[in-house]
1. At most 13 other Cβ atoms within 10 Å plus a DSSP loop assignment makes a site exposed; report the longest stretch of the chain without any exposed trypsin sites (Lys or Arg not before Pro).
2. Could you state the angle between the C-alpha long axis of helix 3-17 and the longest principal axis of the C-alpha atoms of the chain, as a value from 0 to 90 degrees rounded to the nearest 10?
3. Give me the percent relative contact order of the stretch 4-135, please, defined on Cα pairs under 8 angstrom at least 6 residues apart.
4. Only one of the values (1) 0.94; (2) 1.24; (3) 0.99 was calculated from this structure for Rg/Rh (Cα atoms, Kirkwood Rh); name its label.
Amino acid sequence: MGTKENKQLVVDFMKAFSRKDNVGAWAAFMADSATWWIIGKPDRFPAAGTKSKAEFVDLISSLAPVVPEGIQLIPQHMIAEDDFVAVEAVSFADTTTGKRYENQYHLLMEIRDNKIQAVREYLDPMHAKEILMEP
């Protein structure tokens, strides 16, 4: 795949991710052996560290009771080279506690064979913990 196709795959992944109760659709964009790394210290932010595809799916699924309408993940800017797409994105979600989750991200996504192989996610982990994990 070329860089244009890789960028489109990322856009399509984020659209699928943003639909409520659509885990199967967005997970299908990831290779079975995919990994997802999230910035942070695991002792301070439990989501931090490297997750397998199954562990990442479980992590996102565990948030459903807090964000029943899902999390909107919206790409803002992208650049691509070879098998990599770098994305600046924002997210929005209303929680059952009445708090609004809004975060900013930088995602570095490796794409090969039309699948996401690896992701490195940079966000404000303390905001995510406060709003999503300590309702």
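1. 45-135
2. Computed tilt is about 30 degrees.
3. Relative CO of the stretch 4-135 lands at 26 percent.
4. (1)
Read-outs throughout are calculated quantities, based only on the coordinates presented, and are distinct from any laboratory measurement. The model shown is predicted, which means the values in this text are computed figures rather than measured ones. Positions of Cβ are generated from backbone atoms using ideal geometry, with glycine treated the same way; all protein chains shown enter the neighbour counts.
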